[in-house]
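Asks: Just dropping this structure here.
What follows draws every value from the coordinates through simple rules; no lab data is involved. Every value quoted in this text rests on a predicted model; they were computed, and no experiment measured them. Every residue, glycine among them, receives a Cβ derived from its backbone with ideal geometry; neighbour counts consider all protein chains shown.
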Amino acid sequence: MYLAFCVWEENLPVNENAELAEKRLLQEYKKKLVLDGDVVPDPFSISSGWKGEKAAVNTWPSIYITDIATYLGCSTTKDVMNRLLNEYKVGKAYRYFESEWVKEVYIHDVRESSDKCILKTKVTPSQAINNKCYDVWVIVTKDNVNGPGGEIISAYCSCTAGMLGSCNHVAGLLFRVEHAVKTGATKKSSTSKLSEWNVPKGKPSMKPKKAVDAIWSKGRYDKRVTSEEEEKQRKEMKNKFTPLTKSQHEQLNNQVKTRTDLYDLLRTEISNSCFVLCQEKRRIKAPKADIPDSVIKIADEMKSSNTDKHVAMDKFVDKLTLSIERRDNLKKATLEQSNSQTWKEHRKGRVTASIFQRVSSRVETLRKNEEADPSALVETVLGQKETKQTVAM
């Protein structure tokens, strides 16, 4: 048995602190078993007399949502319902049951003369499903000839907060029993068989799957718990649903006729829609944008103008200055970069990032030696020499 607690006294050695904590923890645990002067045996020490769900689900006490509300400190049933739907922690307690983290529930009558019984189970940690399960027990009043029992008197869980008896794992056990009572699984049918009731497997099966194949749902108390198979069937029916009649569905399957009918409807109303253009296999020619001339073309114009050298240089610089509209036109025309002939033409004569280091290095060389030959680099800048393609490129 694992008991989680923490006590620390000043001025005591570590070993004595540990012993003191263990003693106080044991005292707290024993107090949970003394109920109205009646001492209930420790559920962890009882080795025989336990009955599983298949044999004894019909002997479970009648725990209702009102009993859970009282135990959890809620003033009314409406209050606990509101917390289930809106508070993450309380809602998570219900999802422990719905997700089958609460395993098979066992019942022990304590003794024939006692008005109390013990329910115990194991609960899988939601954040670490392969870790050791938590041990949970609750002590509840039995049903009798005078009326239903179901009063939750005491509870314990081996998790860190389990000594309080109101952790999510305890609540998950209570919701499992309450669901069995609510759905009639604890009562015998006219055929002397129990109502349909699934016993959770001992170990959860969590296999990876594609997100598209996963069933996404959030547990809600006010909705019926459904199996994964039912959710799959519901999802499949939802995907297959169509408001079309049989004849309409058959018409849609004839894709050629459907396209022809749609074309007849749209060709006069929306003559330049993408669908109509595709059907008629035509294109709308976009207006020619005002794209500036390339550096090389401007330079050639200046050379052939027979203008004074200094005047030609000033004009050359002026023509390189672009308006915002022409810059945007050039940007749109060169979006495809190396796949665009305009992009290639406008790179010629410009010091681009890919050759900037070579230009910088050659300038330094020319400063040291004016006779150094820059012709190869000039040819590259002017686009007269193709860039050598490397493996990386």
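Asks: How would TRP343, TRP60 line up from fewest to most surrounding beta-carbon atoms within 10 angstrom?
Replies: In increasing order of surrounding Cβ atoms, one gets TRP343, TRP60.
Asks: While we're on this one: How do VAL123, VAL40 rank when sorted from fewest to most other Cβ atoms within 10 Å of their own Cβ?
Replies: With the fewest neighbours first, VAL123, VAL40 line up as VAL40, VAL123.
Asks: Something else: Points 7 angstrom from Cα along the Cβ direction at ALA312 and ASN131: gap in nanometres?
Replies: For the pair ALA312/ASN131, the computed spacing is 8.2 nm.
Asks: Which pairs in the list LYS319/LYS344; LYS51/LYS187; LYS92/LYS122; LYS23/LYS54; LYS132/LYS209 are over 27 Å apart, alpha-carbon to alpha-carbon?
Replies: Table pairs above 27 Å Cα-Cα are LYS23/LYS54.
Asks: While we're looking at this one, here's another question. Give me MET313, MET237 sorted ascending by neighbouring Cβ count inside 10 Å, so fewest comes first.
Replies: By the 10 Å Cβ count, ascending, the order reads MET237, MET313.
Asks: May I ask you to order 95-103, 247-255 by the average number of other C-beta atoms within 10 Å around their residues, highest value first?
Replies: 95-103, 247-255
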